[in-house]
Amino acid sequence: MQASRARLFKEYKEVQREKVADPDIQLVCDDSNIFKWTALIKGPSETPYDGGVFQLAFSVPEQYPLQPPQVRFLTKIFHPNVHFKTGEICLDILKNAWSPAWTLQSVCRAIIALMAHPEPDSPLNCDSGNLLRSGDIRGYQSMARMYTRLAAMPKKGELVFR
Amino acid sequence: MQNQDGHVVESGTETITSTKASEIEDWANFRDDDILQQQSAIQAEEAGKIPFVGDKEPLSSLAAEYKSGNPILVEKINVLTEQYAAIRRTRGDGNCFFRSFMFAYLEHILQTQDRAEVDRITANVEQCRKTLLSLGYAEFTFEDFFALFLEQLESVLSGTEASISHDELVQRSRDQSISDYVVMFFRFITSGEIRKRSEFFEPFVQGLTNTSVEQFCKSSVEPMGEESDHVHITALSDALGVPIRIVYLDRSCDDKGSVSVNHHDFTPAACQVTNANSCATQAAKPFINLLYRPGHYDILYPK
């Protein structure tokens, strides 16, 4: 408990220092609880998530950093490795490949990388996974882009169907 | 796993959301987190059966275990008994090599009070810290683990305020908040050494898995619970400059069917190349003796 708190405090200081270095990630600690964090990440360019801003919720266990944080999308996203309803993320480093060498910040970077490189063979969102696996790249991209516009764009009013 | 293969997705429509909701309700609630939780519950149950580090037992307890087992193993245990007096078991949680090394090393220092060795390994640890920094690891991600190991090292030396007894060392090795941190410290050290000398380790890594050295470190060295192989042992021994003897207890025997117990000494690379003289005595007889049975390491005590 004490160890996890100390570690999170170091991460907090590091985040303050790195703010400028990583403009795609805005990681914020809950005012009253250092075990709760949220992050805003920018959808990577040249992906259907480009232009969107996605919110992540972090719940950090007491055994952190020996155990991984629990992370999920709060913003709706259409992606093979993100559960469409719960926002749960299928990413090895959040499960059995976790190590204390990762940080909340680098987890955000890994999630951005996952957005750009979906793994359709281990899908949490089978509809999305099946589109990619069947080679329907356009179908996947248009669905993903639609949800990015619906849910992840700062101004929702400009929704356009083409 | 069920999936929604039945659904034909027409891009651009919004219908999937609503139809999916009711159908997947029951299993949608069963998430990866639940699986992880169930897994750790099983682990916790197993944990109750054997501590991270067990009590010292006479080697006869090992013989009893194989009483009606494979005759080659029974014979090998007989041979072992000539050289070794006791065994200390560790929990088979994937960390057994590192955990065995931790206890065997700290116990050795506690019993020998070898300050020169402590100074030597402390210098190596400092070198490992620099290695990790040069590899791009953020210091705050590993410094707590380093500090905790150095603390344990300090505490097994007598005459300091922090000095501990042998009983206390056993207790600490069973205390997850200390034991796991030291194991993780060794994982960092091992990973740093492998990545620093990735050209040397690459063929060995290739022999184990099909991945790059970096990927191997990320998936098979750094995560807790990942089992150790000769690559890990070589790297840890090299990085810390501590020779390790692994005694193999398996069913192998030669053509004539005569039985001998093989062992392999991992001698730190630095000892072989430079100042061979100072290491010569050390290299000849490693003070860390581990018993390897396929898939598991325990600590052995020579007579």
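Structure above, values below:
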item	result
Cα gyration tensor category, rounded, prolate or oblate, for chain A with a/c compared to 1.5	prolate
Ratio of Rg to Rh over segment B:134-227 (Cα coordinates, Kirkwood Rh, two decimals)	1.07
Cα pair distances of segment A:1-49 binned at 5 Å [whole percent]	5, 18, 24, 21, 14, 9, 6, 2, 1
Over 29 Å (Cα to Cα) - which of A:Lys36/B:Lys218; A:Lys10/B:Lys56; A:Lys36/A:Lys76 fall in this group	A:Lys10/B:Lys56
Candidate aspartates and glutamates - alpha carbon under 20 Å from B:Lys67, same-chain residues fewer than 8 apart omitted	B:Glu57, B:Glu75, B:Glu82, B:Asp250, B:Asp298
Peptide A:80-87 - average C-beta neighbours from other chains (10 Å radius)	3
Surrounding net charge for B:Ile233, when Lys and Arg each add one and Asp and Glu each subtract one, Cβ distance under 14 Å	-3
Among beta bridges that DSSP assigns inside the protein assembly as shown, antiparallel share in %, nearest 5	85 percent
Projected-area average for segment B:48-302 over all orientations - Cα convex hull basis, square nanometres	14.9 nm²
Number of partner chain Cβ atoms within 10 Å, mean per residue of A:34-46	0
Residues of type lysines that B:Lys285 reaches as a straight line, Cα spacing below 18 Å, ignoring anything fewer than 8 places off in the same chain	B:Lys303
Formal net charge of residues neighbouring A:Tyr140 (Cβ-Cβ distance under 10 Å; K, R +1; D, E -1)	+1
Shielding by partners - mean other protein chain Cβ count within 10 Å, residues of A:124-133	4
Order by protection proxy (mean Cβ within 10 Å, highest first), peptides A:66-76, B:133-143	A:66-76, B:133-143
Alpha-carbon Rg with Dmax, taken over the protein assembly as shown, Å	26.0, 84
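The numbers here are math on the coordinates, done by the rules we state, and not lab data. Since we're looking at a predicted model, the values are computed, not measured. In this analysis, Cβ positions are derived from the backbone assuming ideal geometry, glycine residues included, and neighbour counts consider all displayed protein chains.
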